[in-house]
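The values are calculated or read from the model by the stated rules, or taken from the named source; none is laboratory data. Source: prediction; values computed, not measured. All Cβ positions, even for glycine, are placed from backbone atoms using ideal geometry, and neighbour counts span all protein chains on display. In case anyone asks, the SASA skips ligands and DNA or RNA and just uses the protein heavy atoms, side chains included. Shrake-Rupley method; radii C 1.70, N 1.55, O 1.52, S 1.80 Å.
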Amino acid sequence: MSGIVGIVMLDGAPVDRQLLRRMTEFMTYRGPDAQAVWSDGHVGFGHTLLRTTFESEYEQQPCSLDGQVWITADARVDGRADLIQALAAHGRDVRHTATDVELILHAYHVWGEACVNHLLGDFAFAIWDGHRRRLFCARDHFGLKPFYYAHLPNCLVFSNTLNCVRLHPDVSDRLNDLAIADFLMFGGNQDLETTSFADIRRLPPAHVLTWSDGQLRQVRYWSLPTDGSIRYKRADDYVAHFGELLRAAVADRLRTTHVGIWMSGGLDSTSVAAMAKEILSEQSAPFDLRAYTVFLDWSLPDGDRDYARIMADSLGIPIHFVILNDYKPYDRWDDPAVQRPEPNYNLFEAMFVDEYNQVAPHARVVLGGDGGDALLARTRSYFVDLVKKLRWGRLLADVSRYVWSYRKLPPLGFRSALKRFLAVAPPPDHPPFPEWLNPSLAEQLNLRARWEQVNRGPDVRHPTHPDAARYLLYPTWVNDFESYDPGVHGFPLETRLPYFDVRLVNYVLAIPPVPWCIDKALLRLLGKGRLPECVRLRPKTPLASDPTIALLQREDMQWLNHFEDVPELSKYVDLSKLPIVAGPCGVDHVHYSLNLRPRTLNYWLQQVHSTKAQFQQIQNGRTHDASTREAYEKVLR
């Protein structure tokens, strides 16, 4: 997760090289291996390097192949062999040991802005084309790599680190009121093009950003496919093809010998762990694979700890546990290491900091199972849609196929969804609109209408996998991905998620949903011989109750009901209407997360105040002392 930064002076003035260097050095914590800047008149790039693949041992950035086209990138390119073969067909002489950033440059030289249509992997990059006087930027398909920018009157500033953009003296701290309201209502910004700061924007996933001839242009280059249709005669072929793609997704995300795995004990992460161990064992180089699991002792047991240990023992790898019940809400929120660039819904951020502290000394890459539920276990709307469209023949055929495969009727989720459609059961409950929002702000931003719109979910249509398509495109994913980024958590550690591999997603959305995407049939069948049977056949069982509620009901948690508010909070919250959130009685425990957000925002607003002086110090170049600079970096990251 290298750091990237760039400045383009729109008025033609030369780039302030010292400012560019200070902004680059600020990101040293996320790219400790090398730091460098390049500038040419009114354009300048900076880069801090974190080596996470075999090929990156030879990487240097900013990089150019011809001295005219330059790139700064945080990128991992997948499907390298296929890409190199395609480049060779266009006359490019590319070494198989070429760095990922060199592959992107070769692709740009061949296909220009259409190069993104030939790239797989996770990436955020910017290319300055000196021939065309053009800046070309891109973000990967699902947005696993962040990209922020500020389009100011006299310059364009970008980075994959939000606080790095804030370091530019022309970028103000003025807040984006709608993004703050989104946090209070939904726990995160629902607009993929904005941030919590009015001057700073996001490049959405699967988009490119181009500046040329004085114009800034943003274009989507990819969308979830809806026209795929893969059908095999033999059932085994579906599982075999899925296994090949999952293996490729995991292998492309390894490319190193020291790896961690976020392993919950569920089917998704254990399958990734088993595949990673299989791939690493086939290599001649020694490797070190370790698992990390978060668990609770004071809640109703869900078995994750036991299943995770069984899986680790089966693979013969060490496992480390982080015990969540050692933490309380807002633990160490005054510690700069726990503070975040934008408001954060997580009450136990200190726990994640300590978890990263465990992993970072051992590895720079950690794999996760995020996305498995969204991709492989979301088919209920498909059945309901068949009923709505009166497609009784297809419904009967798919239910029969499920019964033939599993020797039982479809699971309760199908029957519940059908009852909801027929009005036999009430619709799922949504939290009530938070009446503690400032009424003038709610009226000004039409927040009640936004509340209804967002709670309906994304308007995404797919002929056979409607649930997967909707859940894969929830804005929440981008918030989660950015929380994994070193620009947020502050450690030189990259999280990689195989289930968000474009090849894998395209395949699953193209095969019949029944029976392959019910109860994660693909994973369970693929896991034969790879996973212990108790893990492979483990049912999907959510916690019987939210363990945080049990914590909030304790007598010693009543301090959460009172806090000293900063003046800015009243712009967003009517403090007189805030409900009680903790204690043994009189608490709306169903919606506790919603009602705690004003307190969370208050902490964050305090942090924004505390960083202003430190930003000014760095902007003015008064942090030459190494220990002082390190302290500022810790505060600001």
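Just a few scattered comments:
- Spin-label pair Lys528-Ser64: with each label point 7 Å from Cα along the Cα-Cβ axis, the two points sit 5.8 nm from one another.
- Using the 1.4 Å probe convention, the accessible area of the range 1-66 works out to 37 Å² per residue with neighbouring protein chains retained.
- Within the accessible area of the range 187-264 (1.4 Å probe), percent carbon and sulfur: 46
- Here the accessible area of the range 13-73 is 44 percent carbon and sulfur, with a 1.4 angstrom probe and all protein chains present.
- Percent carbon-and-sulfur accessible area, the range 285-377, ignoring ligands, DNA and RNA, probe 1.4 Å: 49
- What the range 160-319 shows is 40 Å² of accessible area per residue, with the surface traced by a 1.4 Å probe over protein heavy atoms.
- Heavy-atom surface of the range 450-509, accessible at 1.4 Å and reported per residue (Å²): 32
- Protection-proxy order for peptides 64-71, 486-493, each taking the mean of Cβ atoms within 10 Å per residue, highest first: 486-493, 64-71
- The separation of the range 1-76 from the range 304-354, counted between C-alpha centres, amounts to 32 Å.
- Cα shape, the range 217-282, gyration tensor, a/c 1.5 rule: oblate
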